[in-house]
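The values are calculated or read from the model by the stated rules, or taken from the named source; none is laboratory data. From a predicted model like this one, the values you see are computed outputs, not experimental measurements. Here the Cβ positions follow ideal geometry from the backbone for every residue, glycine too, while neighbour counts run over all protein chains shown.
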Amino acid sequence: MTSEGYSHLACPNPDCTAYGRCGQGNLRPHGWSTADKRVRCLRCTVCDQHFSERANTPLFGLRTHEDTLVAIAKHLVEGSGCRATARLCGVSLNTVLRFTRRFGHHAELFHDIRVQGIQPKQIQPDEAWSFVGKKRQAL
């Protein structure tokens, strides 16, 4: 894959002048991060640092196959419970819980970086109303 194939990625090294800047053409393939050649290792030509293409993503350091992790995320987004998701995806409950925690933390960081300086003039929270009825007991 050419450097254009990595234009959506940026150098994760905070000391690099190309840090966080996508599409700079400074990333080159540099081997594989996994033995089965699923995750590419990249090198920044500016700072000469090596890193995984999964760096700074919730998938970094996970050994579970990416398709399985995507399936877990899809089930959770659709409202399936963690136990049901574990059964449907063929993984342990702990795998689902670990991924959920990691993904949630990453989403929180992303939100905090992107959503700044908002000054709302009016807030309208949605309210969930429910009615719980009690049956009369026959005497």
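Summary of computed values
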| quantity | calculated |
| --- | --- |
| Residues that are in a loop (DSSP other than H, G, I, E, B), at pLDDT 80 or above and within 27 Å of R63 (Cβ to Cβ), drawn from region 2-19 | L9, A10, P12, N13, P14 |
| Pick from region 48-58, criterion assigned to a loop (DSSP other than H, G, I, E, B) and not polar (S, T, N, Q), ranking: farthest from Y6 (Cα to Cα) | P58 |
| Some residue of region 95-102 being over 26 Å from A10 (Cβ atoms), of a type in the set (A, V, I, L, M), surrounded by 10 or more Cβ atoms within 10 Å (Cβ to Cβ) and modelled with pLDDT of 90 or more | yes |
| Unmet requirement for K74, which otherwise passes all of (1) loosely packed, with under 14 Cβ neighbours inside 10 Å; (2) modelled with pLDDT under 80 | (2) |
| In region 60-70, residue surrounded by the most Cβ atoms within 10 Å (Cβ to Cβ) [restricted to those that are at pLDDT below 80 and out of contact with any strand residue (DSSP E or B) (no Cβ under 8 Å at 6 or more places or on another chain)] | L62 |
| The lone exception for L88 - which of (1) surrounded by fewer than 16 Cβ atoms within 10 Å (Cβ to Cβ); (2) modelled with pLDDT of 85 or more; (3) within 19 Å of the chain's Cα centre (by Cα) it fails | (3) |
| Test for E53: is it at pLDDT below 85, buried (at least 16 other Cβ atoms within 10 Å of the Cβ), within 24 Å of K37 (Cα to Cα) and of a type in the set (D, E) | yes |
| Residue within region 34-47 that is more than 14 Å from Y6 (Cβ to Cβ), polar (S, T, N, Q), in the same structural domain as S7 (by TED's automatic domain parsing) and at pLDDT below 90 present | yes |
| Given (1) buried (at least 16 other Cβ atoms within 10 Å of the Cβ); (2) over 14 Å from the mean Cα position of the chain (by Cα); (3) free of Cβ contacts under 8 Å to residues at least 12 places away in the same chain, index of the condition D48 fails | (1) |
